[in-house]
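Scroll down for the structure; my scribbles are underneath it.
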Amino acid sequence: MTDAIELAQRLGKSISESTQAANLRTAREEMDKQGEITQLLKDYQAQAEKVAKLEHENKPVEVNDKHRLKELHGKLVASEVFKKFTAAQVEYIDLMRQVNETLQKQLAETEK
């Protein structure tokens, strides 16, 4: 195996063992235990996709569709479990952004 592949494996393991990844796993497990929150998120995503599709097709979005989307969003953001999950997602994504930026800086010379 090449040094680069071995380093990538170590990096992947390090990310997987990071506090951010552990927090995300814990938050996801907590959310999965809350079936109503999981369903609420699925309903919200489906409604958001419906509205986006209508807008993309330049079709009118019914007031009821907008109200339903707002109602589902309100219920989601009121949930402490969902708040913890989204905060953990943000922290993990930030870690991944920093890793990506670091890799890009190191590869910049190669790609010139």
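Odds and ends about this structure:
- Cα-centre dipole for segment 15-76 with unit charges at Cβ (Lys and Arg positive, Asp and Glu negative), debye to 20: 120
- Options (1) 51, 28, 23; (2) 57, 37, 21; (3) 41, 34, 23 - which one matches Cα extents along the principal axes in Å as calculated here: (2)
- The region of the chain that goes longest without hitting one of the GluC sites (Glu not before Pro) in a DSSP loop, each with at most 14 other Cβ atoms within 10 Å, is 63-108.
- Cross-link partners for Lys84 among the lysines, with Cα-Cα distance under 27 Å and sequence neighbours closer than 8 places in the same chain left out: Lys13, Lys33, Lys42, Lys50, Lys66, Lys70, Lys75.
- Here the contact order of segment 1-108, divided by its residue count and restricted to Cα pairs under 8 Å and six or more residues apart, works out to 34 percent.
- Between Thr110 and Ala48, the contour length at 0.36 nm per residue exceeds the Cα-Cα span by 18.2 nm.
- Rounded to the nearest 500, the 222 nm mean residue ellipticity of the chain from helices alone is -29000 deg cm²/dmol, with -39,500 (n - 2.57) taken per DSSP H run of at least 4 residues.
Computed from the coordinates by the stated procedures, all read-outs in this text should not be read as laboratory data. These numbers were taken from a predicted model, which means no experiment stands behind them. In this analysis, Cβ positions are derived from the backbone assuming ideal geometry, glycine residues included, and neighbour counts consider all displayed protein chains.
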